[in-house]
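Only one structure is covered here, and it is reproduced in the block below.
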Amino acid sequence: MKKNELFARLAFCIGILAMASLAAAQSAGGVVAGRYIVELKSTAAPSKVISAHAVAPDLVFTSAIKGFAGFIPPGQLRALEKDSAVASIVPDRVVMAIGTLGKPNKPAPGPQAQVVPAGVARIGANPAGSILTGLGIGVAVVDTGLDFNHADLPVAGAAYSFTAYGTSAQDDEGHGTHVGGIIAARNNTIGVVGVAPDATLYAVKVLDRNGSGTDSTIIAGLDWIHANAAGVYPAIRVVNMSLGRQGSLNDDPALRAAIKSLYDDDITVVVAAGNDSLSEVSQQVPATYPEVLAIASATALTGASKYRPYPAGIAADTASYFTTDGGFDTSTGIGVTISAPGEDKEDISRAGMIQSVGILSTKLGGGTVRMSGTSMAAPHVSGVVARAAEAELPGSVGVETIRSMIMDHALNVGVAPYDSPTWGYTFDGQREGIVAVPELWGAQ
């Protein structure tokens with residue numbers, strides 16, 4: 001079969017999904033009218049500036065950065081712009097969870113024997129052969145919250161959590177709970193097992209019940225992490241951010257500064273690259289920041305095909321049709337660090353349409369559910385970083401050493417991810433491979 005024929009057959013289905021993904025990406029990044037983020041110089045006291053200008057912010061930052069955010073009337077805004085204590089003022093922007101494309105897969109029914117998800121197995125994290133489990137490592141999940149009552153999630157108590165909404169970091173949307181399970185679902189007899197099942201998860205709720213937040217809610221969550229990472233037990237060494245928006249490197253200096261403060265403390269921040277195959281990592285925030293590890297999505301298994309002209313199906317380690325990518329630029333530090341499973345597989349129907357079979361992980365309210373996206377790829381890498389932190393491999397504390405080791409010891413490096421056969425995918429010039437657990441690094 002000619003490749004162009006598959007393009008034509010898949011174009012309608014994939015085109016609709018890509019347009020839906022693009023529409024979501026465009027809503028993420030929109031400015032919240034009248035709302036601003038004010039970053040202060042490091043020597044300034046937020047309380048004094050707030051009082052001097054009689055503003056009433058709803059978020060105040062005192063650790064990762066100094067500053068505040070809220071609705072600011074034009075007159076007070078102009079006065080703040082002239083204040084020598086102010087480093088930058090930018091509009092607040094909408095950020096979204098980078099989650100499931102299309103419909104979520106049907107939830108698995110009731111209690112079930114523990115399953116090793118395909119993504120966990122693909123990266124070498126099957127618990128049967130694991131030496132490292134993330135024991136003694138804290139991972140902050142910056143998302144919609146976590147389900148504190150899920151029997152398969154090792155979540156630190158509510159007293160050791162943060163929310164930008166109300167008083168509880170309890171998940172009320174489901175995205176964060178699914179992400180948390182990929183990282184650290186317990187190795188027990190039920191549900192699924194995560195990449196680092198003995199790690200401890202910290203709920204940092206920066207997105208609401210619709211999976212939506214803003215730059216300022218994310219900064220508030222990062223501010224909490226910066227202030228508490230070393231004081232909680234186990235200490236927070238890894239941050240997962242399966243969220244983002246369209247944007248550019250310098251459109252919000254305060255957000256980047258907050259992430260840089262964690263980077264400077266040797267806390268590894270792992271982010272989803274994005275679910276828009278028509279854009280590059282350089283067009284996604286926070287994925288464009290050189291201080292983070294940006295993760296693209298690939299398939300974990302070879303998919304089934306009922307489409308007679310393409311009987312082999314889409315192979316394991318193929319770039320997901322929805323993934324944002326962009327080769328890693330060593331001169332700027334911008335680009336995809338590594339690919340990881342963001343879906344189990346892509347099946348092709350008799351009509352030549354692709355169906356993504358999502359990653360199986362923990363479901364809000366109990367049990368399991370499947371979701372697809374770079375949101376699911378990023379937590380596989382966060383689990384790997386937790387295992388590396390547990391091992392305290394020589395020099396592995398620094399973020400750049402972690403990045404280098406992950407890139408140097410990838411599975412199928414130089415070969416994968418394979419090109420997606422869909423029209424929206426373009427090869428970014430780099431086959432960075434699929435992430436592998438540290439136990440496999442010596443064998444690469």
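The values are calculated or read from the model by the stated rules, or taken from the named source; none is laboratory data. Bear in mind the structure is a predicted one, so any value in this text is a computation, not a measurement. With ideal geometry, Cβ positions are generated from the backbone for all residues, glycine too; neighbour counts draw on all protein chains shown.
Below, the figures for the structure above:
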| item | result |
| --- | --- |
| Flag for residue 349 being buried (at least 19 other Cβ atoms within 10 Å of the Cβ), touching a helix residue (DSSP H, G or I) at 6+ places or on another chain (Cβ under 9 Å) and over 28 Å from residue 237 (Cα atoms) | no |
| Enumerated strands (runs of 3 or more DSSP E) restricted to segment 332-414, each holding at least 2 residues that are within 22 Å of residue 127 (Cα to Cα) and in contact (Cβ under 8 Å) with a residue 40 or more places away in the chain | 336-343, 359-362, 368-371 |
| Subset of segment 60-88 (residues that are surrounded by fewer than 19 Cβ atoms within 10 Å (Cβ to Cβ) and aliphatic (A, V, I, L, M)) | 60, 77, 79, 85, 86, 87 |
| Meets criteria (over 18 Å from residue 91 (Cα atoms) and touching a helix residue (DSSP H, G or I) at 6+ places or on another chain (Cβ under 8 Å)) for residue 252 | no |
| Matching residues, segment 142-175, being in contact (Cβ under 8 Å) with a residue 60 or more places away in the chain and either closer than 17 Å to residue 372 by Cα or part of a helix (DSSP H, G or I) (or both) | 143, 144, 160, 173, 174, 175 |
| The listed residue being touching a Pro at 6+ places or on another chain (Cβ under 9 Å) and assigned by TED's automatic domain parsing to the domain that holds residue 293, out of 426, 422, 401, 362 | 401 |
| Residue under evaluation residue 369, criteria (1) more than 17 Å from residue 118 (Cα to Cα); (2) buried (at least 22 other Cβ atoms within 10 Å of the Cβ), criterion not met | (1) |
| Meets criteria (β-branched (Val, Ile, Thr), more than 25 Å from the chain's Cα centre (by Cα) and either modelled with pLDDT under 50 or within 15 Å of residue 84 (Cα to Cα) (or both)) for residue 50 | yes |
